[in-house]
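The values are calculated or read from the model by the stated rules, or taken from the named source; none is laboratory data. Quick caveat: nothing in here was measured; it's all calculated off a predicted structure. Every residue, glycine as well, gets a Cβ built from its backbone with ideal geometry; the counts of neighbours run over all protein chains shown. Side chains included, ligands, DNA and RNA excluded: accessible areas come from the protein's heavy atoms. Shrake-Rupley method; radii C 1.70, N 1.55, O 1.52, S 1.80 Å.
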2 protein chains.
Amino acid sequence: MAKNKKKLKVIPLGGLQEIGKNITVFEYGDEIIVVDCGLAFPEDEMLGIDLVIPDTTYLAKNKDKVKAIVLTHGHEDHIGALPYVLKDINVPVYGTKLTLGLLQYKLEEHGMLSSVSLNTVKQGQTIDLGVFKVEFIRSTHSIADTVALAIYTPVGIVVHTADFKIDYTPIEGEPMDLARFAELGKKGVLLLMCDSTNVEREGYTMSEKTVGEAFEDIFMNAGGRILIATFASNVHRVQQAINSAVKFNRKVAICGRSMVNVVKAAMDLGYMHAPEGVMVDIDTIHKYNPENLVLITTGSQGEPMSALTRIAASEHKKVEIAPGDLVIISANPIPGNEKLVSRVINELFRKGAEVIYEALADIHVSGHACQEELKLIHSIVKPKFFFPVHGEHRHLKQHANLAHKLGMPNERIFVMEIGKVLELTSDTAKISGSVPAGKVLVDGLGVGDVGNIVLRDRKHLSQDGLIVVVITIEGDTGNVAAGPDIISRGFVYVRESEDLMENMREVVKKALDKCEDKRKNDWGARKNAIKDSLRDFIYEKTKRKPMILPIIMEV
Amino acid sequence: MAKNKKKLKVIPLGGLQEIGKNITVFEYGDEIIVVDCGLAFPEDEMLGIDLVIPDTTYLAKNKDKVKAIVLTHGHEDHIGALPYVLKDINVPVYGTKLTLGLLQYKLEEHGMLSSVSLNTVKQGQTIDLGVFKVEFIRSTHSIADTVALAIYTPVGIVVHTADFKIDYTPIEGEPMDLARFAELGKKGVLLLMCDSTNVEREGYTMSEKTVGEAFEDIFMNAGGRILIATFASNVHRVQQAINSAVKFNRKVAICGRSMVNVVKAAMDLGYMHAPEGVMVDIDTIHKYNPENLVLITTGSQGEPMSALTRIAASEHKKVEIAPGDLVIISANPIPGNEKLVSRVINELFRKGAEVIYEALADIHVSGHACQEELKLIHSIVKPKFFFPVHGEHRHLKQHANLAHKLGMPNERIFVMEIGKVLELTSDTAKISGSVPAGKVLVDGLGVGDVGNIVLRDRKHLSQDGLIVVVITIEGDTGNVAAGPDIISRGFVYVRESEDLMENMREVVKKALDKCEDKRKNDWGARKNAIKDSLRDFIYEKTKRKPMILPIIMEV
C-alpha cells in the first residue's frame, strides 16, 4: 500500500469566492497537472485595470513538476490567462478542437503561437499525464465542445464537472454523457468538484433550443432589419440565429471583432454551418433590403467599446440604426453590467428601433445548471467528498447546503478558498496548509506592477482631483525664488474659481512664512506645512479632499 | 371662453429618461406650481460626485410665478433636492405629515428649517393654489403617507399617480382610493401622468403584508439573533419587523443613522408603534440573549458606509457578527448595486451568519405597480391624453405601448424628455418648445462647480494616473536651471520602476534640447515638446496613457 502514503493535493488558485479566473492544481508526489487557466474582469475599484489573472507563483516554483494544462472549454474565465502563465511555465496544453481554436487567436495576439504545444483531444478520450489519467467527458454548456473531467489519481477518481448545464436537446451533437457520470459513480468517486453558479435558482435551466424557437417567433413577425446581440463564444446561439435567417430568407452579416473571430474559427473547424451565399460581408449590407438582413453582433453586455454600443450611439462606421430595425439582446446582463445594458436599450429605443430584451421575452438561457440538475449530478456521482467550485462564497455555501440536504455529512464537504490545499487519501480529506494565491492585475503591458498604493492614488485622484503646488528655492539661502504656482486638475472649473485659487496661493505663502529659519532646509517640513494648511483650507471651503502634491525645486 | 385661450404647460424638469430627481412644473398664465423636487444618485462616470439635483434655472427665472411646491411622498428622489432649490425659490411646501417630517431632518441639516413654510395636508384634502386646485388622493407605495394628485386646472383635470402600487391590504390605514380615481375618470380627466417603473413586469406587485408573513415564518424557526436590513424609509416594513419581534418575544434595536432618524420621526408622528419596553438602545444589546434580539439596520443596498456593510466587514463599533446570527436582507438590489450587495452577503456568510436574500425567499416586494395594476388605473381614469413618467426611456416606451394596447391612439401619448413643454388646452395637447433642464452636480459644498472638464480629468486620472514634470528656467537666458523633476501618482509603483522613471527623465531632457533657441521663450512649445515625447515613450513602454502635467517655473 506504499502508493497511498503519498497524498493527492487539490489546490484552487482561482475561481472560488469569485466568478472568474478558474484554475485548479492537482498534485501527487512530484507531478502536477493544472485544470483551466482563466482570467477575471476587474472589479469597479480596480481603476484603469484591463484584466486580472491568477497568481501562479506556486506553479512557477514547481515548474519542473507541471506536466500539462488541461482545458474544459473556451470561455475567457477558463483560458484567458494562458498567454501570461505560459510565458512562465511552458507546458503542453490539452483541450477539444474548438477550445484550442479559440486559444490560438489569443496566443497569436501575444506572438506565442509557435512556442506552445497544443494537443487536441476528443470527447470520450482518456489521456495519460504521468501519474494522472484524464478522461474528457461529453458535456453541455453555453459554448460548444465543452467537457467535464474524470481525473484518475492513485488515491481515487476526481470528477470535475467544469461549467455545465444538462441540455437534453443540444443544438449539435449528443447530450451530456450522463451515463458516464453514473458509471463513474458506480465505480466509486473520491471527490466531486461541481459548478455552483446557478445553485440559487430553483428548477432546471432551459434548453438552448428554446431560444431558437423564440427567434423563429420573432423573425416570423419582423418586417425590417434584425440585429441580434449575443456572446461571441456562444456558437450554438449564433448558429440558431443563422438557422432562423435561412428559414426566413435573410442574409447574415457579422459585426464586432470577437464575433468575426469566433464565427470564422467555428466555421473553419466545422462547429458552425451556413448554406452557400447566406453569409455576407458587413461592407455589403447596403445592397440588401432591411427585411432580408440579419446582423449578428457583439455588445450584449453594453460594453463601452463593443459594436452594439457604438451602433446605439451612432458611432459605428458601418451600421446605423433606423426606425423599423428590431434589436434582440440575447443575453442577460452579468452582475455589474445592468446599467450599461440599460443605457444601450434606451439609446436604441430613442433612435426608433424596437428592442427585445430579457425582461420581455425568452431570448436567453443560462449555460449553468440549476438546483434540480445539480441534484441529479450529486445523486449519480455519489462522491465520497464534495468540493463546490465556480462561485462566490454565497454560491459555494448554498451548494454545500444542497449537498447536505441530499444526505452528505458536513465534514465531507469543503467550502474552500483559493490557495488552500485539500489533501486526500483514498478515504480521508482535509484542508492542510496553503500556498500563495491571489490576483495579479494587468494594465496595458504591465503585469503586476499596479498594486494597492497605485490603486489607492487612482481612487483618490478620481474622487476630488489634484492640486500641484510648486516652489523654487535658492539652494544657498533657502529663500523662495519663484512660486508658489498652483495647478489643479479634476478639482474645480478654474475659470469660475479664480478667487479660490488666489486664496490658496495666499494660504501657501503664509504657511511658508511660518516655517522658521532653521526649518528652511528641511524640505519635508516645508512640504508638510504646505499640504496641511492647504488641505484644511480647501476642506473648510469646499468639503473636498483633493490630492495635494507639493514640489520644491532648487536652483 | 377667454380662459381657454391660455394654455396649461406641463414641464418635467427631471424624472424622465432616468430614475431619480422627479420634479414637474405646472404653469398656467403667470402662475406655477411644482410637484416634487427630488435628487438622483450619481452615475458611475460622475466620479467624486455626491448627488445630482435638477437644473431649476427655469423656476429661478420665473420665481415670482411660483406659488407652491407640492410633495407626493418622502423618498429622496422626490424631496431630496428641496434644501438646494428652496435656497433659490423660497415658496410654501405642501405635503402629508410623514413626508414633511422626513423633510424636516434635511432642512435642519442645512440650517434652513426656520426659513421654510411647511404646510401639512391630509389624504383626501383639496387645497387652493391660485388658479390651481390640488387634491391629495390616498395611495399606497413603499413609504407611508403617499398621495396621488388630482390637479384641477382651467383646461381640465390632471391626474398624477406619483409612485404607487395597488395594495389591497396595506399595513396601516385604508387601501388606495381607487373609487376616487374612477370618479375623476367619470368626470373626465384631461391628462394622466402615471408611474412607469415596473411596466416591464407582468401581473401584480404583491402586498406589503406578504413580507410580514415571510418574516413570521423565518422568526418561528430562528434560534439566534436576527438582523433585518431594509430601506429606512419603508416605515411599514420596519413596523412588520417590530410586529414579528413582539410576537416572538424579542427586543428591537435600531442601527444606522437614517434608520434611527426615520424610526424616531415615524414614532413621533404616530406612523409606527411598539409596545412599551420592546425598543432598546443599541448600546444595551449585550444585555439580551441573541434569541431575544432583533436588530433593524440600514445597508440593504450594500452602500459602503452603511451599518450592515460595516457590520459585515467587522468595522462597526457596536455590532459584531457571530455564528448563529441570521441576517435578512429585505430589499432587492437597485440596478447598479448588485455587486455591492453580493459582497456584503459573501462577507456575512464568511463570518458564520446565515443570510436570507431575495434569491432565496419572498422577503421583499416592490413599491411600484406592475402591468395589471397599470391597466386598471388607465381603465378607470380614462384620460384624454397620457404622459408616462418616472422611468428610463425603455420604461416610458413600454408604458406608451401598454396604453396603446388598451386603445389609446398614439398621437394622444407623449413620451417626453426633461425640459420639453407639453402644452394643453381642454381638447388638444402638443409638445411646444423647451426650457433649460439637466443635471446639476453636487460635490461637497460645491453645487454645479464640477462640470464636464473636471469629470473628464478625474476619469483620466483614475485610469492611468498622473505624471508631473517640473523644470525651472532662468528668465533672462531661457536655460534650464533645475530639473526636470518627475513625480508620478497612480501610474506605477515607483520603487519597482526606477529604470522607467530614469528613462523618462532622459526623454524629457532630449525633448528640451531639441527645442531650438528661438523657441526657448515659447513655454507652450516647450510644454508640448515634453508632453508629446513623454506620452509616446510611455505608451510604447507600457501601453498606458497617464495624464502628463508639464510645469515650468521661472527664476
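Quick check on the stretch B:380-399. Is at least one of its residues without any contact (Cβ under 8 Å) to a residue 40 or more places away in the chain and more than 10 Å from chain A (Cβ to nearest Cβ)? Within the stretch B:380-399, not a single residue is without any contact (Cβ under 8 Å) to a residue 40 or more places away in the chain and more than 10 Å from chain A (Cβ to nearest Cβ). Of the residues making up the stretch A:87-132, those that are part of a strand (DSSP E or B) and touching a Leu at 6+ places or on another chain (Cβ under 9 Å) are A:VAL93, A:TYR94, A:GLY95, A:LEU118, A:ASN119, A:THR120.
Condition (residue is β-branched (Val, Ile, Thr), assigned to a helix (DSSP H, G or I) and either in contact (Cβ under 8 Å) with a residue 12 or more places away in the chain or exposed (fewer than 15 other Cβ atoms within 10 Å of the Cβ) (or both)) applied to the stretch A:263-281: is it met by at least one residue? Yes, the stretch A:263-281 contains at least one residue that is β-branched (Val, Ile, Thr), assigned to a helix (DSSP H, G or I) and either in contact (Cβ under 8 Å) with a residue 12 or more places away in the chain or exposed (fewer than 15 other Cβ atoms within 10 Å of the Cβ) (or both).
Go through the residues of the stretch A:546-554 one by one and say whether even a single one is within 14 Å of chain B (Cβ to nearest Cβ) and over 21 Å from A:ASP457 (Cβ atoms). Taking every residue of the stretch A:546-554 in turn, at least one turns out to be within 14 Å of chain B (Cβ to nearest Cβ) and over 21 Å from A:ASP457 (Cβ atoms).
Conditions tested, residue by residue: (1) at pLDDT 95 or above; (2) of a type outside the set (A, V, I, L, M, F, W, C); (3) under 15 Å from A:ASP195 (Cβ atoms).
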| residue | (1), (2), (3) |
| --- | --- |
| A:LEU376 | yes, no, yes |
| A:HIS393 | yes, yes, no |
| A:ASN401 | yes, yes, no |
| A:LYS439 | yes, yes, no |
| A:ASP464 | no, yes, no |
| A:ILE467 | yes, no, no |
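Against the condition at pLDDT below 95 and either over 27 Å from A:ARG394 (Cβ atoms) or touching a Lys or Arg at 6+ places or on another chain (Cβ under 7 Å) (or both), how does A:ASP77 come out, does it pass? It is false that A:ASP77 is at pLDDT below 95 and either over 27 Å from A:ARG394 (Cβ atoms) or touching a Lys or Arg at 6+ places or on another chain (Cβ under 7 Å) (or both). Scan the stretch A:108-123 for residues that are closer than 30 Å to A:PHE181 by Cα, of a type in the set (Ser, Thr, Tyr) and open to solvent by 70 Å² or more (accessible area, probe 1.4 Å) and the total you get is 1.
Looking at this structure, is A:GLU172 touching a helix residue (DSSP H, G or I) at 6+ places or on another chain (Cβ under 8 Å), outside the structural domain of A:ILE380 (by TED's automatic domain parsing) and either surrounded by 14 or more Cβ atoms within 10 Å (Cβ to Cβ) or more than 30 Å from B:LEU360 (Cβ to Cβ) (or both)? It is false that A:GLU172 is touching a helix residue (DSSP H, G or I) at 6+ places or on another chain (Cβ under 8 Å), outside the structural domain of A:ILE380 (by TED's automatic domain parsing) and either surrounded by 14 or more Cβ atoms within 10 Å (Cβ to Cβ) or more than 30 Å from B:LEU360 (Cβ to Cβ) (or both).
Select from the stretch A:459-471 the residues that are closer than 25 Å to A:ARG526 by Cα and at the interface with chain B (Cβ under 7 Å from one of its Cβ atoms) and write down the one among them that is surrounded by the most Cβ atoms within 10 Å (Cβ to Cβ). This residue is A:LEU461. For A:ALA437, the conditions (1) buried (at least 19 other Cβ atoms within 10 Å of the Cβ); (2) outside any strand (DSSP E or B); (3) at the interface with chain B (Cβ under 8 Å from one of its Cβ atoms) are fulfilled apart from (3). Only one entry of A:PHE136, A:PHE181, A:PHE164, A:PHE132 meets the criterion of being closer than 18 Å to A:SER233 by Cβ, assigned by TED's automatic domain parsing to the domain that holds A:LEU82 and open to solvent by less than 10 Å² (accessible area, probe 1.4 Å), and that entry is A:PHE164.
In the set (1) open to solvent by less than 20 Å² (accessible area, probe 1.4 Å); (2) in contact (Cβ under 8 Å) with a residue 60 or more places away in the chain, A:SER142 fails one condition alone, (1). Residues of the stretch A:472-490 that are surrounded by 15 or more Cβ atoms within 10 Å (Cβ to Cβ) and more than 7 Å from every other protein chain (Cβ to nearest Cβ): A:ILE473, A:GLY478, A:VAL480, A:PRO484, A:ILE486, A:SER488.
Do you know which residues across the stretch B:447-458 are facing chain A (nearest Cβ under 8 Å) and either among the small types (Gly, Ala, Ser) or in contact with a Lys or Arg (Cβ under 9 Å, 6 or more places away or on another chain) (or both)? Scanning the stretch B:447-458 gives B:VAL450, B:GLY451, B:VAL454, B:ASP457, B:ARG458. Taking the listed residues A:MET193, A:MET220, the one that is within 22 Å of A:HIS395 (Cβ to Cβ) and either among the hydrophobic types (A, V, I, L, M, F, W, C) or open to solvent by 40 Å² or more (accessible area, probe 1.4 Å) (or both) is A:MET193, with no other qualifying.
Residues considered: B:GLY15, B:GLY48. Of these, the only one that is away from every other protein chain (no Cβ under 14 Å), of a type outside the set (A, V, I, L, M, F, W, C) and crowded, with 23+ Cβ neighbours inside 10 Å is B:GLY15. Inclusion of A:LEU534 among residues that are of a type in the set (A, V, I, L, M, F, W, C) and facing chain B (nearest Cβ under 8 Å) is not warranted. Total residues in the stretch B:40-77 satisfying the condition of being part of a loop (DSSP other than H, G, I, E, B) and either more than 19 Å from B:ASN452 (Cα to Cα) or touching a helix residue (DSSP H, G or I) at 6+ places or on another chain (Cβ under 6 Å) (or both): the figure is 9.
Residues are listed down the side, and each one gets a yes or a no for (1) farther than 26 Å from A:ASN332 by Cβ; (2) free of Cβ contacts under 8 Å to residues at least 12 places away in the same chain; (3) within 25 Å of the chain's Cα centre (by Cα):
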{"residue": "A:ILE363", "(1), (2), (3)": "no, no, yes"}
{"residue": "A:LEU402", "(1), (2), (3)": "no, no, no"}
{"residue": "A:PHE414", "(1), (2), (3)": "yes, no, yes"}
{"residue": "A:GLY433", "(1), (2), (3)": "yes, no, no"}
{"residue": "A:ASP449", "(1), (2), (3)": "yes, yes, yes"}
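Inside the stretch A:375-399, can you point out the residues that are open to solvent by 10 Å² or more (accessible area, probe 1.4 Å), aliphatic (A, V, I, L, M) and closer than 29 Å to A:LYS6 by Cα? Answer for the stretch A:375-399, where residues must be open to solvent by 10 Å² or more (accessible area, probe 1.4 Å), aliphatic (A, V, I, L, M) and closer than 29 Å to A:LYS6 by Cα: A:ILE380, A:VAL389. Of the listed requirements (1) surrounded by fewer than 18 Cβ atoms within 10 Å (Cβ to Cβ); (2) within 14 Å of another protein chain (Cβ to nearest Cβ); (3) in contact (Cβ under 8 Å) with a residue 24 or more places away in the chain, A:ASP443 misses just one: (1).
For (1) in a helix (DSSP H, G or I); (2) surrounded by fewer than 21 Cβ atoms within 10 Å (Cβ to Cβ); (3) in contact with a Cys (Cβ under 9 Å, 6 or more places away or on another chain), each residue gets a yes or a no:
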position	(1), (2), (3)
B:GLU320	no, yes, no
B:GLY324	no, yes, no
B:VAL327	no, no, no
B:ASN332	no, yes, no
B:GLY336	no, yes, no
B:LEU340	yes, yes, no
B:VAL355	no, no, no
B:ALA359	no, yes, no
B:ILE363	no, no, no
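The condition (being part of a strand (DSSP E or B) and in the same structural domain as A:THR230 (by TED's automatic domain parsing)) is satisfied by just one residue among A:LEU295, A:LEU308: A:LEU295. Each residue in the stretch A:1-20 was checked for being assigned to a loop (DSSP other than H, G, I, E, B), in contact with a His (Cβ under 9 Å, 6 or more places away or on another chain) and modelled with pLDDT of 95 or more, and 1 pass.
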